[in-house]
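The values are calculated or read from the model by the stated rules, or taken from the named source; none is laboratory data. The structure presented is a predicted model; accordingly, all values stated were derived computationally and were not measured. Glycine gets a Cβ as well: all are built from the backbone with ideal geometry, and neighbour counts include every protein chain shown.
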Amino acid sequence: MSTLQIYVPMPWAERVIIALRAIPQLRDKVSLKRHGTLDLAKLRCFFMEFHGSGMTARFPLMYPLSGYRHHPFYAPQHQLHQLRGVDWIMLGRGIDEFTTWVLAYMAANPRDGVSLLAYDRLTGALGRERARGDIPVPVHKIAFFTNHADVTKRKDQLLSHEEAGWDKTGYSQIHDKLHFALPLIERYFPGTPLNILDIGCGLGQTTRTLGRMYPASRVVGTDWSLDSLEIAQHHFDLPNVSFLRADFQAMPFKDLTFDLIISFSALNIAANQRLAARESFRMLAPGGLFVSATLVEDGFHFWNFPSSLAWPTHSDLSLPDWYEVAAAHGLGCELRPWVRFGANFFQPEQKRLEQHFNEVVGDLHENPPETYRPFIPAAILAASSLLPAKVPPAYLPGPHADRIETIIRSAGEESDVVWDAAAFAWSDVASFSLQLTPEAKPFLQACLPSAAPVLEEFLTILQPATHKTGGQGVATLP
């Protein structure tokens, strides 16, 4: 028999014990004790290793941050809240949902008991590296691409309409994006590439343009969607252009084949980010250029904090992994902002955030940054042997909390427009989506100490608990 230890902020302890003891199967298995000071360094934690990535995460089970409803991954062998040997900390107001987590644990471990430990202050630091006794949890990202289903649905229309009429089909991915990569191509590969690859070519617009731009070159467009490839071949029949079905995690080309490799909005969905990077860079010929423009994890983490503290994303490019693999192939990287999307691209969790994002987008177009900033959801990554093959300190693979801390800290360096939007978004996620308690504030600050001053301002929105205890307050705790 084991005991599940749940640390509960003192003002919420009595409410939680009442809710749990109201459930017949828990009534005799739950105890409540005064714990006083919670030493974060002594918490028993998960240690998550993400398949195909050098990123890791070490945390106790954090309600509600650890919930899968926020970040869809392939679940480990068991749901996190069914695993033994990890301490829990309650940070959310959703007591009804919290009780379902406890019930799920007890269903998986029926002989165990539950010990609620009421704490009133924090001390110590939560370690980020793997420690003795940590419970290992391998996690796999989901690889998915919703555009494929949209293409299949509209296939007949896309085949029958000329390219100029594709906007009438209702499909969104109809634009040639090559012009976004041209400044990097002109800078790092001004000559004529003999062999060119377009990874994730979709309907083939960019592949077609490359074929026209370089008529003496061989241009190959690859995609996993057979319907997309059929449409591309139908509309763009050029003598130097071909289309081929291929998985960008297992490309059917020899090493050092392509002088120029281009990819738009594709490589971010790779379930194994390191494998996709290795495949891309092994095919690059000496002196060649790789350019990928897509969603990156930094932007998701920035706008979805504090939800993003617990998990990386399921469908964005992991920059630390791509930087590391590039360096291993003797390639350096340059990262530029990809500013082309409207406010809806920021995917706010609440509609009322749209005005703030409109202001951010307007500011980006009026004052485009020269270098990439973490608040921008998409970026253009170039890799070339002409660049220093070094991984910037900010992008070294390792603890997920290191990356989050850097991203959140960066908000203090942004314009007032970005800062106001970030503070509003974070407050919205914390207060409305997650329904965090005020006691979550010192916990988050302790997890991300160098970002604590930034967190101080937006977390003031979290209000203290106000409830009556019927004369039997937590002061009577044993």
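Residue 368 - would you say it is within 30 Å of residue 287 (Cα to Cα), out of contact with any Ser or Thr (no Cβ under 7 Å at 6 or more places or on another chain) and in contact (Cβ under 8 Å) with a residue 40 or more places away in the chain? Working first, answer last.
On the way: within 30 Å of residue 287 (Cα to Cα): yes; out of contact with any Ser or Thr (no Cβ under 7 Å at 6 or more places or on another chain): yes; in contact (Cβ under 8 Å) with a residue 40 or more places away in the chain: no.
Spelling it out, it is not the case that residue 368 is within 30 Å of residue 287 (Cα to Cα), out of contact with any Ser or Thr (no Cβ under 7 Å at 6 or more places or on another chain) and in contact (Cβ under 8 Å) with a residue 40 or more places away in the chain.
Return the residues of the stretch 218-251 that are part of a loop (DSSP other than H, G, I, E, B), buried (at least 16 other Cβ atoms within 10 Å of the Cβ) and of a type in the set (A, V, I, L, M, F, W, C); say none if nothing qualifies. Full working, then the answer.
Initial filter on the stretch 218-251 (part of a loop (DSSP other than H, G, I, E, B)): 224-225, 236-240, 246, 248-249, 251.
Cutting the leftovers down to buried (at least 16 other Cβ atoms within 10 Å of the Cβ) gives us 224-225, 236, 246, 248-249, 251.
Selection gives 224, 236, 246, 248, 251.
(1) closer than 30 Å to residue 44 by Cβ; (2) surrounded by fewer than 19 Cβ atoms within 10 Å (Cβ to Cβ); (3) at pLDDT below 95: which one isn't true of residue 190, the others all being true?
Just one mismatch for residue 190, condition (1).
Right, residue 290: assigned by TED's automatic domain parsing to the domain that holds residue 191, modelled with pLDDT of 95 or more and farther than 25 Å from residue 61 by Cβ or not? Please lay out each step first, then the result.
Values: assigned by TED's automatic domain parsing to the domain that holds residue 191: yes; modelled with pLDDT of 95 or more: yes; farther than 25 Å from residue 61 by Cβ: yes.
So residue 290 fits the description; yes.
Any idea how many residues of the stretch 119-164 are in a helix (DSSP H, G or I) and not acidic (Asp, Glu)?
So the first thing to find is which residues in the stretch 119-164 are in a helix (DSSP H, G or I), and the list is 146-153, 155-160, 163-164.
Now restrict to residues that are not acidic (Asp, Glu): 146-149, 151-153, 155, 157-160, 164.
Residues that pass the stated criteria total 13.
Sort through 248, 264 and tell me the only one that's at pLDDT below 95 and closer than 20 Å to residue 326 by Cβ.
Working: 264 fails: at pLDDT below 95.
Only one candidate passes the filter, namely 248.
If you take just the helices (runs of 4 or more DSSP H) that sit entirely in the stretch 416-478, which of them hold at least 2 residues that are at pLDDT 60 or above, over 21 Å from the mean Cα position of the chain (by Cα) and of a type in the set (A, V, I, L, M)? Steps first, please.
Details: elements: 416-428, 440-447, 452-458.
Qualifying helices (runs of 4 or more DSSP H): 440-447.
Say whether the condition of being touching a residue at least 60 places away in the same chain (Cβ under 8 Å) and in a strand (DSSP E or B) is met by at least one residue in the stretch 186-195. So that I can check it myself, show each step before the final result.
Start the filter on the stretch 186-195 by keeping residues that are touching a residue at least 60 places away in the same chain (Cβ under 8 Å), which leaves 188-189, 193-195.
Those left that are additionally in a strand (DSSP E or B): 195.
Within the stretch 186-195, one or more residues are touching a residue at least 60 places away in the same chain (Cβ under 8 Å) and in a strand (DSSP E or B).
Tell me yes or no: at least one residue of the stretch 108-126 is in contact with an Asp or Glu (Cβ under 7 Å, 6 or more places away or on another chain) and over 19 Å from residue 42 (Cα atoms). Walk me through how you get there before you give the answer.
Step one: filter the stretch 108-126 for residues in contact with an Asp or Glu (Cβ under 7 Å, 6 or more places away or on another chain), giving 123-124.
Next cut, over 19 Å from residue 42 (Cα atoms) only: none.
So far as the stretch 108-126 goes, no, none of its residues is in contact with an Asp or Glu (Cβ under 7 Å, 6 or more places away or on another chain) and over 19 Å from residue 42 (Cα atoms).
Report the residue count in the stretch 316-333 for those that are in contact with a strand residue (DSSP E or B) (Cβ under 7 Å, 6 or more places away or on another chain) and outside any helix (DSSP H, G or I).
Here is the first cut: in the stretch 316-333, the ones in contact with a strand residue (DSSP E or B) (Cβ under 7 Å, 6 or more places away or on another chain) are 316-317, 319, 322-323, 326, 331-333.
Then drop every residue that is not outside any helix (DSSP H, G or I), which leaves 316-317, 331-333.
Summing the residues that are in contact with a strand residue (DSSP E or B) (Cβ under 7 Å, 6 or more places away or on another chain) and outside any helix (DSSP H, G or I) in the stretch 316-333 gives 5.
Being of a type outside the set (A, V, I, L, M), part of a loop (DSSP other than H, G, I, E, B) and either at pLDDT 95 or above or touching a helix residue (DSSP H, G or I) at 6+ places or on another chain (Cβ under 6 Å) (or both) is true for just one of 31, 66. Which residue is that?
Values: 31 fails: part of a loop (DSSP other than H, G, I, E, B).
On inspection, the qualifying residue turns out to be 66.
Test of understanding: among 326, 277, 285, which residue is surrounded by fewer than 18 Cβ atoms within 10 Å (Cβ to Cβ) and at pLDDT 95 or above? Before you say what the answer is, go through the steps one by one.
On the way: 326 fails: surrounded by fewer than 18 Cβ atoms within 10 Å (Cβ to Cβ); 277 fails: surrounded by fewer than 18 Cβ atoms within 10 Å (Cβ to Cβ).
After ruling out the rest, the residue left standing is 285.
Condition test on residue 156, is it among the acidic types (Asp, Glu) and closer than 25 Å to residue 270 by Cα?
Values: among the acidic types (Asp, Glu): yes; closer than 25 Å to residue 270 by Cα: no.
In short, no.
Considering only the stretch 252-263, how many residues are part of a strand (DSSP E or B) and in contact with a Leu (Cβ under 8 Å, 6 or more places away or on another chain)? So that I can check it myself, show each step before the final result.
If we filter the stretch 252-263 for residues that are part of a strand (DSSP E or B), which is where we start, we get 258-263.
Narrowing further to those that are in contact with a Leu (Cβ under 8 Å, 6 or more places away or on another chain): 258-262.
Number satisfying all stated conditions: 5.
Scanning the stretch 338-372 for residues that are touching a strand residue (DSSP E or B) at 6+ places or on another chain (Cβ under 9 Å) and buried (at least 19 other Cβ atoms within 10 Å of the Cβ), which turns out modelled with the lowest pLDDT?
At the first step, the residues of the stretch 338-372 found to be touching a strand residue (DSSP E or B) at 6+ places or on another chain (Cβ under 9 Å) are 338-341, 345, 364, 368-372.
Right, trim to buried (at least 19 other Cβ atoms within 10 Å of the Cβ) and you get 338, 364, 372.
On the way: 338: 93, 364: 88, 372: 94.
Within the stretch 338-372, the match that is modelled with the lowest pLDDT is 364.
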